Amino acid sequence: MSESTLEVPDEPLSISAPLAWQYAQQSCRRDAADGISCVWNHGLWQLLRLMNLAGTAANRSGFYQRTIRTFMAENPQAHILVSGTADYAMLAQIALAAQRTGASPAVTVVDICETPLHLNRWYAGRSNIKINTVRSDMLEFKPSSLFDMVCTDSFLGRFPHALWPQLAARWQALLRPGGRLLTASQLRPPEGPEKLVFDEPQIIAFRDKVLDKVRQSGIQTGFTDAALAQAITQYCRYQSNYPLRSENHLRLLLENAGFIVDEMPTVISASIKYRNLDAPTVSSGGKFLCVVATRR
């Protein structure tokens, strides 16, 4: 089976989107600096995915399935770390690869917020895969043993550029020698701001787009119209991203952290593309650098 025809994991977004909103009200953390809860992000993210307005590992399923299945065929009981996640999208990739190869990996999911961890436990129960969840800042996570593989999608851009070397070094330190890093980051145009945010016209355009798609879908989301409009506005006001502007930047980052870059293919995302909307989590062309790297 070719990479382009590898199957996409079953992700029951119509069921889990309302659950995510419910969990977020109870479990999302408040930022120590400003006191703002991340419910605007974790409560809304699955709904944005359901409306095909945000992309995750599912948009790069061919790459992840090819590489994870190949790794599991050689390491059927691998210890795998999911490094930061908004929902269960990466776990779904691992679970499908395990099912198709007959592997029994030991999976640990780490995130700073309890809501995505709750979603991962929910998905693991449906998918018959055993996981361990840890609420921790990735830069401070110190497990008792090393991992064979680290999987993380679009996580690098959550950190200011000055912290990228520290994050890459943390991934390297979490892997055994010869362990693999699997990740992907959107490749933005070479010129642009250091930090991407939504401006006011973009906030209005994105909010209206989401509201229109939800109304047209007829799906029971768990949101009232007023709550949804408020959540979208907050999502746009608080969401930010530190973009990757060149392949060379990512390659040097990983090599300086102690990795050998095995491959770095460019994958075109299948998510919706917005013309003239260079904003965080919104595709401005759909190019992603997908990386397989080995710890020296």
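The values are calculated or read from the model by the stated rules, or taken from the named source; none is laboratory data. Predicted, not measured: the structure shown is a model, and the values here were computed from it. Reconstructed Cβ throughout: ideal geometry from the backbone, glycine too, with neighbour counts over all protein chains shown.
Of everything in region 58-70, what is under 14 Å from the mean Cα position of the chain (by Cα) and over 13 Å from residue 287 (Cα atoms)? Give them in sequence order.
Just the residues of region 58-70 that are under 14 Å from the mean Cα position of the chain (by Cα), to begin with: 58-61, 64.
Residues satisfying the conditions are 58, 61, 64.
Residues are listed down the side, and each one gets a yes or a no for (1) over 30 Å from residue 68 (Cα atoms); (2) outside any strand (DSSP E or B); (3) touching a Ser or Thr at 6+ places or on another chain (Cβ under 9 Å):
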{"site": "189", "(1), (2), (3)": "no, yes, yes"}
{"site": "205", "(1), (2), (3)": "yes, yes, no"}
{"site": "210", "(1), (2), (3)": "yes, yes, no"}
{"site": "223", "(1), (2), (3)": "yes, yes, no"}
{"site": "228", "(1), (2), (3)": "yes, yes, yes"}
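Within region 181-228, work out how many residues are in contact (Cβ under 8 Å) with a residue 12 or more places away in the chain, surrounded by fewer than 19 Cβ atoms within 10 Å (Cβ to Cβ) and among the basic types (Lys, Arg).
The qualifying residues number 3.
Return a yes/no flag: does region 234-251 have any residue that is touching a His at 6+ places or on another chain (Cβ under 6 Å) and under 30 Å from residue 170 (Cα atoms). Please lay out each step first, then the result.
We begin by selecting, within region 234-251, every residue touching a His at 6+ places or on another chain (Cβ under 6 Å); these are 242.
Okay, now just the ones that are also under 30 Å from residue 170 (Cα atoms), so 242.
Among the residues of region 234-251, at least one is touching a His at 6+ places or on another chain (Cβ under 6 Å) and under 30 Å from residue 170 (Cα atoms), which makes the answer yes.
Please pick out the residue among 56, 85, 67, 108 that is modelled with pLDDT under 95, within 17 Å of residue 152 (Cα to Cα) and not acidic (Asp, Glu). Break it down into steps so the answer makes sense when it comes.
Working: 85 fails: modelled with pLDDT under 95; 67 fails: modelled with pLDDT under 95; 108 fails: modelled with pLDDT under 95.
After ruling out the rest, the residue left standing is 56.
I'm trying to understand the selection: among the residues of region 113-128, which are out of contact with any Asp or Glu (no Cβ under 7 Å at 6 or more places or on another chain) and within 19 Å of residue 20 (Cβ to Cβ)?
Start the filter on region 113-128 by keeping residues that are out of contact with any Asp or Glu (no Cβ under 7 Å at 6 or more places or on another chain), which leaves 113-115, 118, 120-128.
Of everything in region 113-128, those that are out of contact with any Asp or Glu (no Cβ under 7 Å at 6 or more places or on another chain) and within 19 Å of residue 20 (Cβ to Cβ) turn out to be 113, 114, 115, 118, 120, 121, 122, 123, 124, 125, 126, 127.
This table checks each residue for (1) farther than 21 Å from residue 40 by Cα; (2) small (Gly, Ala, Ser); (3) in contact with a Leu (Cβ under 9 Å, 6 or more places away or on another chain).
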position	(1), (2), (3)
56	no, no, no
64	yes, no, yes
71	yes, no, yes
77	yes, no, no
81	yes, no, yes
86	no, yes, yes
112	no, no, no
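Scan 119, 139 and give me the residue that is touching a residue at least 24 places away in the same chain (Cβ under 8 Å), in a helix (DSSP H, G or I), surrounded by 18 or more Cβ atoms within 10 Å (Cβ to Cβ) and among the aliphatic types (A, V, I, L, M). Walk me through it before giving the result.
On the way: 139 fails: surrounded by 18 or more Cβ atoms within 10 Å (Cβ to Cβ).
None of the others qualify; the one that does is 119.
Quick check on my filter: what residues within region 16-49 are touching a Lys or Arg at 6+ places or on another chain (Cβ under 9 Å), among the aliphatic types (A, V, I, L, M) and surrounded by fewer than 22 Cβ atoms within 10 Å (Cβ to Cβ)?
Within region 16-49, 36 is the sole residue that qualifies.
I'm trying to understand the selection: among the residues of region 160-180, which are touching a residue at least 40 places away in the same chain (Cβ under 8 Å) and either in a helix (DSSP H, G or I) or loosely packed, with under 14 Cβ neighbours inside 10 Å (or both)? Outline the logic, then answer.
Step one: list which residues in region 160-180 are touching a residue at least 40 places away in the same chain (Cβ under 8 Å), which gives 160-161, 164-165, 168-169, 171-172, 174-180.
If the condition is that a residue be touching a residue at least 40 places away in the same chain (Cβ under 8 Å) and either in a helix (DSSP H, G or I) or loosely packed, with under 14 Cβ neighbours inside 10 Å (or both), then 160, 161, 164, 165, 168, 169, 171, 172, 174, 176, 177, 178 are the ones that fit.
I'd like to know if region 232-243 contains one or more residues that are over 27 Å from residue 35 (Cβ atoms), among the hydrophobic types (A, V, I, L, M, F, W, C) and in contact (Cβ under 8 Å) with a residue 12 or more places away in the chain.
no
Could you please find all residues in region 94-107 being surrounded by fewer than 20 Cβ atoms within 10 Å (Cβ to Cβ) and touching a strand residue (DSSP E or B) at 6+ places or on another chain (Cβ under 7 Å)?
Of the residues in region 94-107, the ones surrounded by fewer than 20 Cβ atoms within 10 Å (Cβ to Cβ) are 99-102, 104, 106.
The one that is surrounded by fewer than 20 Cβ atoms within 10 Å (Cβ to Cβ) and touching a strand residue (DSSP E or B) at 6+ places or on another chain (Cβ under 7 Å): 106.
For the list (1) at pLDDT 95 or above; (2) out of contact with any strand residue (DSSP E or B) (no Cβ under 8 Å at 6 or more places or on another chain); (3) among the polar types (S, T, N, Q), I need the number of the one condition that residue 128 fails.
(1)
When the residues of region 87-116 are filtered to those that are part of a loop (DSSP other than H, G, I, E, B) and in contact (Cβ under 8 Å) with a residue 60 or more places away in the chain, which remaining residue is nearest to residue 54 (Cα to Cα)? Spell out the reasoning first.
Here is the first cut: in region 87-116, the ones part of a loop (DSSP other than H, G, I, E, B) are 87-88, 102-105, 112-113.
Within this subset, residues satisfying the condition of being in contact (Cβ under 8 Å) with a residue 60 or more places away in the chain are 87-88, 112-113.
Numbers: 87: 12, 88: 14, 112: 21, 113: 20 Å.
Looking at residues that are part of a loop (DSSP other than H, G, I, E, B) and in contact (Cβ under 8 Å) with a residue 60 or more places away in the chain, I get 87.
For residue 159, all conditions in the list (1) farther than 23 Å from residue 105 by Cα; (2) over 17 Å from the mean Cα position of the chain (by Cα) hold save one; what is the number of the exception?
For residue 159, the failing item is (2).
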